[in-house]
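No value in this document is a laboratory result; all are computed from the given coordinates. All values reported here derive from a predicted model rather than from experimental measurement. Reconstructed Cβ throughout: ideal geometry from the backbone, glycine too, with neighbour counts over all protein chains shown.
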Amino acid sequence: MTFQVRKQHKLQDQIEQLAYDWAIEDVQEYYGVEEIEELNQEQIDEIFTYSESDDCYEGYVGMVLRTICDQWENEQDG
């Protein structure tokens, strides 16, 4: 048997959750909202643009910002 790190998916989930919590706090503070649904299209566009830019160099941050945008879109369609 070769060495392996078990339960990597659990680690990945925890890292994603940490990144999400970190990013959502910045979004809420910057835009002065408590819920994602309070954001408007212009703000979501700004968040998405940032998530795709070179300024957002950490992959997990970009991923969770796009998740926030997707959640907002789903609420609008809902």
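Residue-wise test of (1) over 22 Å from Tyr57 (Cβ atoms); (2) assigned to a helix (DSSP H, G or I).
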residue	(1), (2)
Gln4	yes, no
Gln12	no, yes
Gln17	no, yes
Tyr20	no, yes
Val33	yes, no
Glu37	yes, yes
Ile44	no, yes
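Of all the listed residues (Glu25, Glu46, Glu42), the sole one being surrounded by 11 or more Cβ atoms within 10 Å (Cβ to Cβ) and of a type in the set (Asp, Glu) is Glu46. Pairs please, first residue from the stretch 12-29 and free of Cβ contacts under 8 Å to residues at least 60 places away in the same chain, second anywhere and loosely packed, with under 12 Cβ neighbours inside 10 Å and not hydrophobic (A, V, I, L, M, F, W, C), Cβ atoms under 7 Å, 6+ apart in sequence or on different chains. From residues that are free of Cβ contacts under 8 Å to residues at least 60 places away in the same chain, the pairs are Gln28/Glu34. Comparison of Gln14, Gln4, Gln8 shows that the only residue that is among the polar types (S, T, N, Q) and within 14 Å of the chain's Cα centre (by Cα) is Gln14.
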